[in-house]
Amino acid sequence: MPDPVRTRAHLLGDGLALGTFVALGLPDGMLGTAWPSMHHSLRAPVGDLGLVLLASTAGSVAVAAFVGSLLRRAPVGSLLAAGLGCAAGAAVGFSLAPAFGVLVGVAVLFGVSAGVVDGGLNTVVGLSGRRRLLNLLHGAYGVGTSIGPLIVTAAIVSGSWRPAYLVLLGVDVALGGSWLLHRRSATGRQPASPAPVAAA
């Protein structure tokens with residue numbers, strides 16, 4: 001008979017994983033919609049969007065090579081919380097950026113976050129053999145990219161694109177804290193070979 005405590009932890013871990021991939025997709029969906037207002041308020045040429053994307057990609061590539069090593073050294077929940085913390089820092093930077101150069105600098109943090117979260121969760125879930133959850137994660141990312149433009153549109157209608165990134169900050173902080181709490185609650189009650197995401 002299944003252990004109800006372990007089952008709850010397993011479901012909570014899956015839910016957090018899906019929510020994390022929604023959060024992963026949010027900034028990708030937000031940037032394109034925010035950029036027309038963003039480049040105007042920061043007095044940057046339209047084409048400078050490429051520099052923001054390049055900085056983000058550089059951050060992601062730089063950390064992706066080390067994800068396996070990080071997973072061997074740190075619990076999954078702590079690693080994901082750190083990745084979400086990077087995204088939260090980037091969201092603060094975007095919302096407060098006084099100049100375009102600051103935007104490019106903090107965009108690296110979005111890339112680092114994507115590399116840690118995407119690489120970490122894909123690796124853990126992939127190694128667990130749970131292909132259905134892996135497919136759901138990618139679907140959740142699509143949900144995030146679809147919701148992102150709606151958040152930015154609502155913010156712009158209210159007067160500025162900047163509050164949209166404060167919403168993203170709240171999402172990242174909530175999920176990062178949830179991963180830490182989940183890891184702490186799972187410690188000591190899981191068997192020697194727990195489900196990877198549930199154990200976090």
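Looking only at residues in the range 66-81 that are assigned to a helix (DSSP H, G or I) and in contact (Cβ under 8 Å) with a residue 60 or more places away in the chain, the one that is nearest to residue 166 (Cα to Cα) is 81. Report yes if residue 15 is at pLDDT below 95 and of a type outside the set (A, V, I, L, M), otherwise no. Answer is yes for this residue. Looking at 49, 54, 16, just one residue is in a helix (DSSP H, G or I), of a type outside the set (Gly, Ala, Ser) and in contact (Cβ under 8 Å) with a residue 24 or more places away in the chain, and that residue is 16. Could you please let me know if residue 63 is under 30 Å from residue 158 (Cβ atoms), among the β-branched types (Val, Ile, Thr), surrounded by 14 or more Cβ atoms within 10 Å (Cβ to Cβ) and in contact (Cβ under 8 Å) with a residue 24 or more places away in the chain? No; evaluated as a whole, the condition is false for this residue.
Listed here are the residues, each with its yes/no results for (1) open to solvent by less than 30 Å² (accessible area, probe 1.4 Å); (2) outside any helix (DSSP H, G or I); (3) within 22 Å of residue 137 (Cβ to Cβ); (4) modelled with pLDDT of 95 or more.
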{"position": "11", "(1), (2), (3), (4)": "no, no, yes, no"}
{"position": "37", "(1), (2), (3), (4)": "no, no, no, yes"}
{"position": "86", "(1), (2), (3), (4)": "no, no, yes, yes"}
{"position": "91", "(1), (2), (3), (4)": "yes, no, yes, yes"}
{"position": "108", "(1), (2), (3), (4)": "no, no, no, yes"}
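Each residue in the range 110-119 was checked for being of a type in the set (Val, Ile, Thr) and open to solvent by less than 20 Å² (accessible area, probe 1.4 Å), and 2 of them qualify. Within the range 140-192, if we keep just the residues that are of a type outside the set (Lys, Arg) and not in a helix (DSSP H, G or I), the residue that is modelled with the lowest pLDDT turns out to be 192. Please tell me if residue 137 is within 19 Å of residue 15 (Cβ to Cβ) and in a helix (DSSP H, G or I). For residue 137, the condition - within 19 Å of residue 15 (Cβ to Cβ) and in a helix (DSSP H, G or I) - is met.
Listed residues 80, 24, 16, 53; which is within 19 Å of residue 148 (Cα to Cα) and touching a Gly at 6+ places or on another chain (Cβ under 7 Å)? Only one candidate passes the filter, namely 24.
If only residues of the range 144-169 that are under 28 Å from residue 65 (Cβ atoms) and out of contact with any Ser or Thr (no Cβ under 8 Å at 6 or more places or on another chain) are counted, the one that is surrounded by the most Cβ atoms within 10 Å (Cβ to Cβ) is 168.
The values are calculated or read from the model by the stated rules, or taken from the named source; none is laboratory data. Note that this is a predicted model, so its numbers are computed, not measured. So basically every Cβ, Gly included, is an ideal-geometry build from the backbone, and we count neighbours across all protein chains shown. Quick note on the areas: whole protein, heavy atoms, side chains included, nothing else; ligands and nucleic acids left out. Shrake-Rupley method; radii C 1.70, N 1.55, O 1.52, S 1.80 Å.
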